[in-house]
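The structure appears right after this line, and notes come after that.
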Amino acid sequence: MTERVQVLVAGAGLGGLSAALFLAQAGVDVLAVERHAGTSIHPRAAGQNWRTMELFHWAGIDREVLAASPRASQGLRITVATSLAGRVLHRLVQDGSEFDVSASTTLPAGMAGQDVVEPILLAHAEKAGARVRFRTELTDLVPDDDGVTATLRHRDSGEETVVRADYVVAADGGRSGIRQRLGIGTTGPDALSHCLGVVFDADLGDRVQAGLSDLFYLRHPDFTAGFVNTDVPDRYVFAPDYHPERGERPEDFTHDRLVAMIRAATDLPELAPRIVWTGSWEVAARLADRFRAGRVFLVGDAAKVTPPTGGMGGNTAVGDAADIAWKLAAVLRGEAGDGLLDTYEAERKPIARMVVDTSLHNMKQRMHPDLDVSGLTRAEDQLAILLGFRYRSTAVLSEEPDDGERVEDVHAPTGRPGFRAPGLASTVDLLGHSWVLLCAGDDTRWRPAAAELGIPLDCHVIDDDVFAPRYGLSAGGASLVRPDGIVAWRSPEPIADPAGELRRVLTAVLSR
Ligand SMILES: Cc1cc2nc3c(=O)[nH]c(=O)nc-3n(C[C@H](O)[C@H](O)[C@H](O)COP(=O)(O)OP(=O)(O)OC[C@H]3O[C@@H](n4cnc5c(N)ncnc54)[C@H](O)[C@@H]3O)c2cc1C
């Protein structure tokens, strides 16, 4: 028998679980399948930037994520050094207090690892009605004009089932089988460097500042490595590079050799670390040529893999999921046309390019001075990427003239269409669920216009001192904000025919 579902999500990592959560909360019938037995056991993507926390806030999980990682409130330190007690080459971040984003958001960033965030996403996705099946692998996928037929196989019983979905979200990771099956190529280097991941327990005393998130890039005379503490007390991740071009293989790094390296990295020659997990991965910088193929959308690492220098891979997986989720929900509810789904690639691919290129520039600065970064787009300010990013697509009515920039200054957000609606104390809780019209001081003409439209549009008057200048409005003006908190259009001044104008705008941005 064929099972019916509106959206099938393949892969329940950070991207897939976020997609399942956001879709289910938007009322979509969603099934997520994951070939592993459970959520990630490795802390991998530690850190939720402010945009991710904004999305989590709207999903009602930000407090749980913060509580799972007390380190967040203490700050972040990033150091390039020869070893933990060795020569400091650069202090990239002192304690995190240098990140003043108060003009853009009132929410704190998080520092939780993927191993603690994924169970939170899972619990809330299921609570919202998503079905999530572990040890279940997608083995075949046949898209047609009306939907997608997928074959699933249970990895214990071998039982096969067929699912018919309106759409598929491919969140099946960097080696995405779905991307390959659809013949979507990738651009960018596959194996920039090779890393081992070693999770170990030990008492490192004052070598690392417990309490804050203490990340080191180590340029030791014998190796280069990443080193970071985790949410579990006395647990660390040590990630040295290895070199296949010199004939090295992960299995050459025996327990004793890893212990010797950890001792050298920590400058604790007597240390007896208890190694709890080892693995290996390739650092790559790959961008899928297309993010959409008919009814299938690539999300997270399936769409792009970025070096971890910058901590943006997992965060952009959540951002991808948020973007595609509200668009699929709008199309499935009959509020939007198929053209809205094309804006997923138009909006997320340029972000992916910027993330990958900036992470490569970071990689050169922090770890690999010889890395060739010619031919890349320029490095952008990381805060601007996270909070000042810009969408250009038909789901946004951009204002002319366009200054051509990819980002804006987070200390002076402008409220222009295509950018995040600044998250002020007066606005943050109004956004993130539906279309919202924020009116500066007066809504007498806007409110009746909004009520006539036939799609849910919440209308609010804001009359504090910060709102109008931060959103670029005069008294009587209004800003139209999408369900993902991006400004779609604004009218800085009052206008004569608000109902006609709102109808025109929504018809355009929703591809109706
Ligand atoms: C060491 C390391 C450190 C990192 N640090 C950071 C960081 O600090 N900040 C950050 O933002 N990012 C970081 N990242 C990146 C981050 O981990 C990834 O970008 C993130 O996991 C991507 O999420 P995803 O859901 O797209 O893919 P994944 O988390 O890889 O999930 C894909 C899932 O799909 C499943 N799957 C694959 N094929 C199938 C199939 N056919 N059927 C069913 N299931 C399938 C897989 O089992 C997997 O669970 C780091 C990565 C690494 C390796």
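The values are calculated or read from the model by the stated rules, or taken from the named source; none is laboratory data. Computed from a predicted structure; not experimentally measured. Cβ sites come from the backbone with ideal geometry, for glycine too, and all protein chains shown count toward neighbours. Surface accessibility is based on the protein's heavy atoms, side chains included, excluding ligands, DNA and RNA. Shrake-Rupley method; radii C 1.70, N 1.55, O 1.52, S 1.80 Å.
For the chain, what does the helix formula give at 222 nm: sum of -39500 (n - 2.57) over DSSP H segments with n ≥ 4, over the residue count, nearest 500 deg cm²/dmol? So the helix-based figure for the chain works out to -8000 deg cm²/dmol.
Think of the range 390-509 as having a plus end and a minus end, set by charges on the Cβ of Lys, Arg, Asp and Glu; of Pro417, Ala468, Ile455, Ile455 sits farthest toward the positive end of this dipole. For the chain, the longest principal axis of the C-alpha atoms and the axis of helix 114-127 are separated by about 40°.
Relative to the first principal axis of the alpha-carbon coordinates of the chain, what is the inclination of helix 313-332, with its axis defined by its Cα atoms, in degrees from 0 to 90 and to the nearest 10? Once rounded, one gets 30 degrees. Averaged over its residues, the chain has an accessible area of 40 Å² per residue, based on protein heavy atoms and a 1.4 Å probe. Return the carbon/sulfur percentage of the accessible area of the range 390-509, one whole number, probe 1.4 Å, all protein chains in place. C and S fraction of accessible area: 54 percent.
A simple spin-label model places the labels of Arg246 and Ala475 7.1 nm from each other, with each point 7 Å out along Cα-to-Cβ. In this label model, Arg447 and Ala508 are separated by 2.7 nm, measuring between points 7 Å along each Cα→Cβ vector.
The slack between Arg257 and Ala425, meaning 0.36 nm per residue of separation minus the straight C-alpha distance, is 55.2 nm. Relative to the dominant Cα principal axis of the chain, helix 498-509 is inclined by about 40°. Across the range 58-215, Cα pairs under 8 Å and at least six residues apart give a relative contact order of 25 percent.
Taking every C-alpha pair closer than 8 Å and separated by at least 6 residues, the mean separation divided by the residue count of the chain gives a relative contact order of 16 percent. Taking Lys327, Lys349, Lys127 and ordering them by how much accessible surface each has at a 1.4 Å probe, largest first, produces Lys127, Lys349, Lys327. Taking all protein chains as present, what is the carbon and sulfur share of the accessible area of the range 249-344, in % to the nearest whole number, probe 1.4 Å? Here it works out to 51 percent. With both residues required to sit in the chain, DSSP beta bridges show an antiparallel share near 65%. With contacts taken as Cα pairs under 8 Å at a separation of at least 6 residues, the range 390-509 carries a relative contact order of 31 percent.
Label-to-label distance, Ser398 versus Asp100, with points set 7 angstrom from Cα along the beta-carbon direction: 3.1 nm. Computed over the range 1-108, the Cα gyration tensor eigenvalues convert (square root of 5λ each) into semi-axes of 35, 19, 10 Å, ordered from largest to smallest.
Projecting the alpha carbon convex hull of the chain along each direction and taking the average yields 24.1 nm².
Between the C-alpha center of the range 259-293 and that of the range 163-198 there is a gap of 20 Å. Each Lys and Arg adds +1 at its Cβ and each Asp and Glu adds -1 at its Cβ; summed about the Cα centre, the chain shows a dipole of about 540 debye. Accessible surface of Asp443, taken over heavy atoms with a 1.4 Å probe and every protein chain present, rounds to 20 Å². In whole percent, how big is the carbon plus sulfur part of the accessible area of the range 137-206, probe 1.4 Å, protein atoms only? Here carbon and sulfur together make up 42 percent of the probe-accessible area. A probe of 1.4 angstrom, applied to the heavy atoms of all protein chains, finds Asp146 with accessible area near 110 square angstrom. Counted over the range 390-509, the DSSP beta bridges are approximately 60% antiparallel.
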